[in-house]
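*Asks:* Pasting a structure here, questions to come.
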Amino acid sequence: MKKVIFLSILSIFLVQCISVKQKVKTSPKTTNISNKIENANAKPKLMVGIVVDQMRYDYLIRFEDKYGDGGFKRMLNNGFNCKNNHYNYIPTYTGPGHASVYTGTTPENHGIIANDWYDKYVKKSVYCASDERQSSVGIEEGQWAGKMSPHRMQTTTVTDQLRLNTQNRGKVIGVAIKDRGAILPAGHAANAAYWFYGKDKGNWITSTYYRNELPTWVKEFNAADEAEKYLKTWNTLYDINTYTESDADLNPYEGAFTGKANPVFPYDLKALQTENGGFDILKATAYGNSLTADFAIAAIKGESLGKDNETDFLAVSFSSTDYVGHRFGVNSKEIQDTYLRLDKDIERLLQTLDAEVGEGNYTVFLTADHAAVHVPQYLQDMKIPAGYFDHKELKTHLTNFLDATFGSKELIENMSSGQVFLNHAEIKRLKLSATAIENALQRELLAYDQIAKVYTRTALMSSEFTHGIAAALQKGFNQKRSGDVCYVLDIATISYSRTGSTHGSGFNYDTHVPLLFYGNGIQQGETLQRTEITDIAPTISALLQISLPNAATGNPIQAVLKN
């Protein structure tokens, strides 16, 4: 009897083995099966974070028919798409955005409250990545461009946690045209961050915070004059007449390069460079992204990323999408061409990862640091409420109001990023109540045209808002660094030029951004459930099996990760 049972079990086992073998033989990707099975439960050898500066979620949909199969679509079709992903704080700027993606928290905790903000302790404006203690590496000593570090960011990043977890064996490299787009994601403990210095150089540089000399591969990249090859004519990737997903090439809503009468294709960048900052002109074209992809690929090879058993992390930010959006607007032919070319650049990057690290050995996420509003003048012409706001006029008005009410024109120390910073020394001298001045300003601001909401420091520190604009404002409010009165402009109302797009609000056009995951450990699928930007770092931490960043407030997105 026992022999019969044993033979029955053995026969079932053999049938299952034959079935599995047949499935492997008939798989269209037989050559990669063993590699993928081997790594099915292993952590990725390389983690790649991609932040696309100023990318609206709808760019994935609007231009989808013209994307190839190897870039955005590869991630969409074979990865996980969080379709309702939002920023959950104000202001939606580049510095806070990059910091929030990688720290898993908001300016309330990480302290990057804007790109630049008024430091009420040193009585001057400071830049989110500036550090006077550092020096440039890659250009002449003392150049301001290299005086940078992440020291103003007050919390750890997921990249920091990786370095801590691996006892510094896992490499972390940040790459972006913008310094803050490379520095903040790479974190405090990074091996290096590199950014682009244009003008008459066209070189990638770093800071003494990371190292005192450029590595050989960066020197070789700079010496090859890689930026020079992009000083050529920028024309559309495909026939411009097929770009039906955007406005006419010549329209009143776009800004032009100096020296070019109209903002229309083609653009002779070589001829325009002298009047537009030399190599800096590349930043505001699709080629800035191509140059970034080139350098990121050089980093993968030069740093041997993903070549050992310790997970490495490459943080890449494509900055040129922001420059193009600011100049030409979100509905321009230029922005469409920039994304179609970026699709090709992402395809090149993924192909490099396949070749250098191996498909199944890496994981990628893609998101944005903020989105952008349609040009308000365009909205107005479409009979949609929108407008422009003059902060200088507001400051004059409030100064006169406080003088008439409290007897001093010196009660406002600074106004920036939708905040009023009071002069507390003057308040003390006059023996006034700061709370009384806050309340008076709140009433006056609410009566001012084009201002929708106003919150005082007292309210933001004593109440907990759970939803809406008030909650977003509170998550962006840092008790030590923020101002005394915060105000919100009407929807689609901006303080900007009449051409081009901008961002900064807590409304959907600025908060709704892509979030794609692809590769090792990632489920294939999508969700319409709301996710928030602060969920990214916890999700990657869970994937890598490392501690969350020390002030993370987001949660891992369980649906993204394989069990």
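The values are calculated or read from the model by the stated rules, or taken from the named source; none is laboratory data. Worth saying up front: this structure is predicted, and the values here are computed from it rather than measured. Don't worry about glycine lacking a Cβ; one is built from the backbone with ideal geometry, like all the others, and counts go over all protein chains shown. Ligands, DNA and RNA are stripped out before the accessible areas are found, and what is left, the full protein with its side chains, is counted by its heavy atoms. Shrake-Rupley method; radii C 1.70, N 1.55, O 1.52, S 1.80 Å.
*Asks:* Residues of the stretch 313-333 being buried (at least 24 other Cβ atoms within 10 Å of the Cβ), of a type outside the set (S, T, Y) and more than 19 Å from T367 (Cα to Cα), which ones? Please lay out each step first, then the result.
*Replies:* Let us first name the residues in the stretch 313-333 that are buried (at least 24 other Cβ atoms within 10 Å of the Cβ), namely 313-322, 324-325, 328-330, 332.
If we keep only those that are of a type outside the set (S, T, Y) too, we end up with 313-316, 318, 322, 324-325, 328-330.
If the condition is that a residue be buried (at least 24 other Cβ atoms within 10 Å of the Cβ), of a type outside the set (S, T, Y) and more than 19 Å from T367 (Cα to Cα), then F328, G329 are the ones that fit.
*Asks:* Then there's this: All but one of (1) open to solvent by 10 Å² or more (accessible area, probe 1.4 Å); (2) in contact (Cβ under 8 Å) with a residue 60 or more places away in the chain; (3) of a type in the set (G, A, S) hold for A182, so report the exception by its number.
*Replies:* A182 satisfies all of (1) open to solvent by 10 Å² or more (accessible area, probe 1.4 Å); (2) in contact (Cβ under 8 Å) with a residue 60 or more places away in the chain; (3) of a type in the set (G, A, S) except (1).
*Asks:* So which helices (runs of 4 or more DSSP H) stay within the stretch 461-563 end to end and still have 1 or more residues that are open to solvent by 50 Å² or more (accessible area, probe 1.4 Å)?
*Replies:* Answer list for the stretch 461-563: 468-475, 508-511.
*Asks:* Any idea which of (1) without any contact (Cβ under 8 Å) to a residue 40 or more places away in the chain; (2) surrounded by 18 or more Cβ atoms within 10 Å (Cβ to Cβ) is the one M382 doesn't satisfy?
*Replies:* Result: M382 fails condition (2) only.
*Asks:* Here's something else I'd like to know. Can you name the residue in the stretch 96-133 that is surrounded by 24 or more Cβ atoms within 10 Å (Cβ to Cβ) and out of contact with any Pro (no Cβ under 9 Å at 6 or more places or on another chain) and, of all such residues, is farthest from G202 (Cα to Cα)?
*Replies:* Going through the stretch 96-133, the residues surrounded by 24 or more Cβ atoms within 10 Å (Cβ to Cβ) turn out to be 96-107, 110, 112-114, 117, 128-129.
Of the ones still in play, those that are also out of contact with any Pro (no Cβ under 9 Å at 6 or more places or on another chain) are 97, 117.
On the way: G97: 26, W117: 29 Å.
Here the answer is W117.
*Asks:* Counting only residues that are open to solvent by 30 Å² or more (accessible area, probe 1.4 Å) and of a type in the set (A, V, I, L, M), which one in the stretch 217-233 is farthest from A286 (Cα to Cα)?
*Replies:* Per the stated criteria, the residue is A223.
*Asks:* Also, quick follow-up: State whether one or more residues within the stretch 522-530 are in contact with a Pro (Cβ under 7 Å, 6 or more places away or on another chain), in contact (Cβ under 8 Å) with a residue 60 or more places away in the chain and not charged (D, E, K, R).
*Replies:* Narrowing the stretch 522-530 to residues in contact with a Pro (Cβ under 7 Å, 6 or more places away or on another chain): none.
For the stretch 522-530, residues in contact with a Pro (Cβ under 7 Å, 6 or more places away or on another chain), in contact (Cβ under 8 Å) with a residue 60 or more places away in the chain and not charged (D, E, K, R): absent.
*Asks:* Moving on to the next point. Check whether at least one residue in the stretch 440-453 is of a type in the set (V, I, T) and either more than 14 Å from L489 (Cβ to Cβ) or open to solvent by 40 Å² or more (accessible area, probe 1.4 Å) (or both), and report yes or no. Don't jump to the end; show me each part of the working.
*Replies:* Pass one, the stretch 440-453, residues of a type in the set (V, I, T): 451.
Subset that is either more than 14 Å from L489 (Cβ to Cβ) or open to solvent by 40 Å² or more (accessible area, probe 1.4 Å) (or both): none.
No, the stretch 440-453 has no match at all.
*Asks:* Separate question: Exactly one of these conditions fails for N191: (1) modelled with pLDDT of 95 or more; (2) touching a strand residue (DSSP E or B) at 6+ places or on another chain (Cβ under 7 Å); (3) surrounded by fewer than 22 Cβ atoms within 10 Å (Cβ to Cβ); (4) farther than 13 Å from F313 by Cα. Give me its number.
*Replies:* (4)
*Asks:* In contact with an Asp or Glu (Cβ under 8 Å, 6 or more places away or on another chain), on the phi < 0 side of the Ramachandran plot and open to solvent by 70 Å² or more (accessible area, probe 1.4 Å): which single residue out of T258, T236 fits that description? Working first, answer last.
*Replies:* Details: T236 fails: open to solvent by 70 Å² or more (accessible area, probe 1.4 Å).
The match here is T258.
*Asks:* Would you check if there is a residue in the stretch 209-218 being in a strand (DSSP E or B) and of a type in the set (K, R)? Give the derivation first.
*Replies:* Pass one, the stretch 209-218, residues in a strand (DSSP E or B): none.
Checked against the condition, which is being in a strand (DSSP E or B) and of a type in the set (K, R), the stretch 209-218 yields no hits at all.
*Asks:* Can you list residue pairs whose Cβ atoms sit under 8 Å apart, with the first residue in the stretch 440-463 being within 20 Å of K480 (Cβ to Cβ) and the second being loosely packed, with under 15 Cβ neighbours inside 10 Å? Count only pairs 6 or more apart in sequence or on different chains.
*Replies:* What qualifies is T456/T435; T458/T435; M461/Q479.
*Asks:* Go over the candidates G483, G476, G468 one by one and state the one that is under 30 Å from T155 (Cα atoms) and touching a Leu at 6+ places or on another chain (Cβ under 9 Å). Steps first, answer last, please.
*Replies:* Numbers: G476 fails: touching a Leu at 6+ places or on another chain (Cβ under 9 Å); G468 fails: touching a Leu at 6+ places or on another chain (Cβ under 9 Å).
Of the residues listed, the single one that is under 30 Å from T155 (Cα atoms) and touching a Leu at 6+ places or on another chain (Cβ under 9 Å) is G483.
*Asks:* Another one. Can you tell me which of D116, D65, D69 is in contact with a Ser or Thr (Cβ under 6 Å, 6 or more places away or on another chain) and either modelled with pLDDT under 50 or of a type in the set (D, E) (or both)? Steps first, please.
*Replies:* On the way: D65 fails: in contact with a Ser or Thr (Cβ under 6 Å, 6 or more places away or on another chain); D69 fails: in contact with a Ser or Thr (Cβ under 6 Å, 6 or more places away or on another chain).
From the options D116, D65, D69, the qualifying one is D116.
*Asks:* Within the stretch 134-174, count every residue that is open to solvent by less than 40 Å² (accessible area, probe 1.4 Å) and either outside any loop (DSSP other than H, G, I, E, B) or in contact with a Lys or Arg (Cβ under 7 Å, 6 or more places away or on another chain) (or both).
*Replies:* Residues of the stretch 134-174 open to solvent by less than 40 Å² (accessible area, probe 1.4 Å): 134-139, 145-146, 148-150, 153, 155-163, 166, 170, 172-174.
With either outside any loop (DSSP other than H, G, I, E, B) or in contact with a Lys or Arg (Cβ under 7 Å, 6 or more places away or on another chain) (or both) added as a condition, the list becomes 134-137, 139, 145-146, 148, 158-163, 170, 172-174.
Residues in the stretch 134-174 being open to solvent by less than 40 Å² (accessible area, probe 1.4 Å) and either outside any loop (DSSP other than H, G, I, E, B) or in contact with a Lys or Arg (Cβ under 7 Å, 6 or more places away or on another chain) (or both): 18 in total.
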